[in-house]
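Structure incoming, see below.
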Amino acid sequence: MNRILLLIVSAVAYAFAFPPFGWWPLALLSVGVLAGFLHKARPLHGLIAGFWWGMISFGTGLSWIYEIFGPFSILLWGLLAVFPAIFGGLVCLAQKHGVKSGWRLALFTALAWTGTEFIRCELMPLKFPWMNLGLALEPWPFVSLVGVYGLGFLSILALAGIIFQACRAWLIALVLVVIADAEWMALRDQVQIYRHVKVAAVQAEGAATETYIALANKAPAETQLILWPENTLPIDVRNVAKSELAQVQAFALQRKTLLVFGTQTRLAGPKWQNTALTIDGNTVLGEHGKNHTVHFFNDGEHGTTAQPVITPLGKIGTPICFDCDFQDLVRKMTLAGAEFFAVPSMDAAGWPARQHIQHSQLFRVRAAENQRSMVVAASSGVSQIIDTKGAAIQSLAPLKSGTISGSIERRNDLTFYTRTGWLTPWLALALLLIWTTWLLAFSKLKIGVVQG
């Protein structure tokens, strides 16, 4: 009974590792308790323990979902809880089939956590990358080497090494860190940092164009790029509302600045695409169609490209909101030459402030993985100016209107993560599938030999 109570408390504690609290050591303690609970447990017990750990942790940390979806939220929490349940079942199954203790069990545990978490966050149809272990560990040591999922893998490997008394697990984690760190040191000499860019972001939702212009005019005169939120002008300004485009271009011309803002692009028939448009006072410099549209909402058709916009200020990545929740798009834009990012975003004013605060962390981790500065204009918060280490150097609290301004770096070097480290969760998942298949096949072979 005491073990079950400890598991419940640890699941609640996991939620407090994330914003707005950010008590990151609780994430390690919580997952450590779950791993310890699984030691020498039956697979069924592992499934049950993992499920309820997930149900409680997600239900606590993502309780704001209920205010948006009502009772349907219980099904969503249950779906997310399936993945820690699978993790628990796999770890116990491995022990049942001979992976009893030591470094092998620690390694399997780390692979099982990373593989199942990666499927939950990035691969299943209802992708949900919030509340993964690596995300809790802000300011994310080594994240520019192995990414947020790799950081989770190293953490679990170290935790499991302690729990299962596996010194070799610690050695493996240390070797991986040293190899990645050596690669990073080699790349550091290639860094080219250019002049800073003066940027500003406007935070407002559903306002008139004149309001966005008035808020933008609060930015310093030397501002070179102004960013407005997603869906600032929710109509095709190039083909349907050309007067709106002329108005904002006149503003950009008057301010002698680039302007990035959220709008729409009309496609065939009733179809449309959520678009980030980059303009100056005379021309449209480029656009980006949102690749990752939001589940359960009318968010347009998926975009298919991930290219930066070439401007007089350099190559600018302009992903839109949900695009930055996942690891692929920012990385692809960085590989394509993006030197910094201007991100229109929208978290509805009707959603709880805690949702806005939690979402803001995902932009910061994308900046840290690729070591690219970001300016984010969120409709009702949190708007941020983020440095290359993933720290918010300027921000505006949720559910307020206003303008923030600051200076960000342009750079064109590539982190180890951007080039190679992003493969870490894919490798973990592949090894997990191979190892699990081998365990099950070997077990059947042994049964056949005994029966024979």
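The values are calculated or read from the model by the stated rules, or taken from the named source; none is laboratory data. No experiment lies behind these values; they were computed from the predicted model shown. Here Cβ is always computed from backbone atoms with ideal geometry, including for glycine, and neighbour counts include all displayed protein chains. Note: accessible area is taken over every heavy atom of the protein model, side chains too, but ligands, DNA and RNA are not part of it. Shrake-Rupley method; radii C 1.70, N 1.55, O 1.52, S 1.80 Å.
What is the percent of Cα-Cα separations in region 100-164 that go past 17 Å?
Value for region 100-164 (Cα pairs over 17 Å): 42 percent.
May I pose another question? At R0 = 25 Å, how high is the FRET efficiency between HIS302 and ASN217 if r is their beta carbon distance? Nearest 0.05 is fine.
The value I calculate is 0.10.
What does the highest-first list of 110-122, 32-44 look like by mean Cβ count within 10 Å?
Ranking the peptides 110-122, 32-44 by packing returns 110-122, 32-44.
Of the DSSP beta bridges with both residues in the chain, give the percent that are antiparallel, rounding to the nearest 5.
Numbers: 33 of 46 bridges.
Of the beta bridges lying entirely in the chain, close to 70 percent run antiparallel.
Run through region 204-313 and list the chymotrypsin sites (Phe, Trp or Tyr not before Pro) located in a DSSP loop whose Cβ has at most 16 other Cβ atoms within 10 Å.
Here the sparse-neighbourhood loop sites are PHE296, PHE297.
Which of rounded, prolate or oblate describes region 278-346 when judged by the alpha-carbon gyration tensor and an a/c cut-off of 1.5?
oblate
Put a dot 7 Å past each Cα toward the Cβ at PHE21 and HIS196; how far apart are the dots in nm?
3.6
Give me the distance in nm between label points sitting 7 Å out from Cα along the Cα-to-Cβ direction at VAL12 and ALA391, one decimal.
Calculated label separation equals 3.4 nm.
Extension gain ILE235-LYS400, at 0.36 nm per residue separation less the Cα-Cα distance, in nm?
That works out to 57.0 nm of additional length.
Another question about this same structure. Which percent, to the nearest 5, of DSSP beta bridges fully inside region 327-432 are antiparallel?
60
Ok, one more. Enumerate lysine pairs in region 225-318 that are 8 or more residues apart or on different chains, then count those whose Cα atoms are under 21 Å apart.
The number of close lysine pairs in region 225-318 is 5.
Which one, PHE416, GLY59, ALA81, projects farthest toward the positive side of the charge dipole computed for the chain from Cβ point charges (K/R +1, D/E -1)?
Farthest along the dipole direction, towards plus: ALA81.
Beta carbons within 10 angstrom, averaged per residue: use that to sort the peptides 227-235, 362-370, 404-412, highest first.
For the peptides 227-235, 362-370, 404-412, the packing ranking is 362-370, 227-235, 404-412.
So if R0 is 35 Å, what FRET efficiency would LEU431 and LEU267 give, r being the distance between their Cβ atoms, rounded to the nearest 0.05?
0.25
Can I ask one more? Using the alpha-carbon centroid of each, what span in Å lies between region 296-359 and region 241-279?
So the two Cα centres are separated by 16 Å.
Let me ask another. Can you find, among GLN165, LEU399, LEU151, the residue sitting farthest towards the positive end of the charge dipole of the chain, where Lys and Arg contribute +1 and Asp and Glu -1 at Cβ?
Value: GLN165.
Size of the dipole of the chain about the Cα centre, Lys and Arg at +1 and Asp and Glu at -1 on the beta carbon, nothing else charged, in debye to 20?
Dipole about the Cα centre, nearest 20: 1120 debye.
Under a 1.4 angstrom probe, counting protein chains only, how are HIS292, HIS196 ranked by accessible area, largest first?
HIS196, HIS292
For region 312-417, what value does the Rg/Rh ratio take when both radii are computed over Cα atoms and Rh is the Kirkwood radius, given to two decimals?
0.96
Also, quick follow-up: Please label the shape of region 218-279 as rounded, prolate or oblate, based on the square roots a ≥ b ≥ c of the eigenvalues of the alpha-carbon gyration tensor (a/c under 1.5 means rounded; beyond that, a/b larger than b/c means prolate, else oblate). Walk me through the intermediate numbers first.
On the way: a/c = 3.27, a/b = 2.08, b/c = 1.57.
Prolate, because a/c is 1.5 or more and a/b exceeds b/c.
Then there is this: Where does region 358-447 land on the Kirkwood hydrodynamic radius, alpha-carbon pairs, in angstrom?
16.0
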